[in-house]
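The values are calculated or read from the model by the stated rules, or taken from the named source; none is laboratory data. Keep in mind that this is a model prediction, so the values were computed, not measured. For neighbour counting, all protein chains shown are included, and Cβ atoms are generated from backbone atoms with ideal geometry for every residue, glycine included. The area values use the complete protein model at the heavy-atom level, side chains included, leaving out ligands, DNA and RNA. Shrake-Rupley method; radii C 1.70, N 1.55, O 1.52, S 1.80 Å.
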Amino acid sequence: MEMLLLTFVRTSELIKATWDEFDFEAKIWTIQAARMKMRREHIVPLSSRVIEILSELKSMFPQDEYLFPSVVKAHSHISNNTILKALERMGYKDRMTGHGFRALATSTLLEELKYPYQVIDLQLAHQKKDKIEAAYNRATFMAERTEMMQAWSDYIEGLKQVKL
């Protein structure tokens, strides 16, 4: 769940993630075009907390190809239902989905952290709606996205510290 929250990728992109997609030194996750909804390679800058989570996962499943290996089917990954059932057990049935983390991140990054929609939209790997913009605008805003992903992670970590 925390990986979905901090990376706000699509659920299928996370559950099918393999270790060879991650560059720990560069702190990036490169999702191949074949796994993306829009069939374009997507780069996810990784915050320090995500790197910590990945290190923990690697120590738990050192021999597996997938970050989240299936416990019922060899050489496979967990299913979408794993995420939905976990949310249900946490009391969020019919109130949250894996995809909901994308909306949560978008709204918070816009309203609370004041990041421009153009940068957020690129991080969401959305296709440009305007054909002319798609043809001419090849900006990646990688530096801004890297900064934003760390700020988002820091924001979430700060919320963990709030006493209820």
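Give the number of residues within the range 150-164 that are among the β-branched types (V, I, T) and at pLDDT below 95.
Filtering the range 150-164 for residues among the β-branched types (V, I, T) gives 156, 162.
Narrowing the set further to residues that are at pLDDT below 95 leaves 162.
Number of matching residues: 1.
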| Using beta carbons and a limit of 6 Å, which pairs, at least six apart or on different chains, have the first residue in the range 67-80 and within 13 Å of L14 (Cα to Cα) and the second one open to solvent by 80 Å² or more (accessible area, probe 1.4 Å)? | H77/K16
| message | Report every pair of residues separated by at least 6 positions or lying on different chains whose Cβ atoms are under 7 Å apart, first residue within the range 7-22 and closer than 20 Å to M148 by Cβ, second open to solvent by 10 Å² or more (accessible area, probe 1.4 Å). | response | F8/F101; F8/R102; R10/K37; R10/H99; E13/R35
| query | Do we have any residue at all in the range 68-75 that's open to solvent by less than 60 Å² (accessible area, probe 1.4 Å), at pLDDT 95 or above and of a type in the set (S, T, N, Q)? | reply | no
| remark: Filter the range 120-149 for residues that are among the β-branched types (V, I, T) and either at pLDDT below 95 or under 16 Å from L46 (Cβ atoms) (or both); the one that is most open to solvent (accessible area, probe 1.4 Å) is I132
| query | For residues in the range 27-63 being within 11 Å of A17 (Cβ to Cβ) and touching a residue at least 12 places away in the same chain (Cβ under 8 Å), which is most open to solvent (accessible area, probe 1.4 Å)? | reply | R35
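What about M1, is it modelled with pLDDT under 95 and more than 20 Å from S153 (Cα to Cα)? Lay out the reasoning, then the answer.
Details: modelled with pLDDT under 95: yes; more than 20 Å from S153 (Cα to Cα): no.
Judged against the criteria, M1 is not a match.
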| said: Any residue in the range 140-157 that is under 15 Å from S107 (Cβ atoms) sitting within a Cβ distance under 8 Å of a residue that is part of a helix (DSSP H, G or I) and open to solvent by 10 Å² or more (accessible area, probe 1.4 Å)? List the pairs, counting only those 6 or more apart or interchain. | reply: W152/T108; Y155/T108; I156/L5; I156/R49
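Kindly evaluate L113 against the criterion of being buried (at least 17 other Cβ atoms within 10 Å of the Cβ) and modelled with pLDDT of 95 or more. Spell out the reasoning first.
Details: buried (at least 17 other Cβ atoms within 10 Å of the Cβ): no; modelled with pLDDT of 95 or more: yes.
No: the conditions fail for L113.
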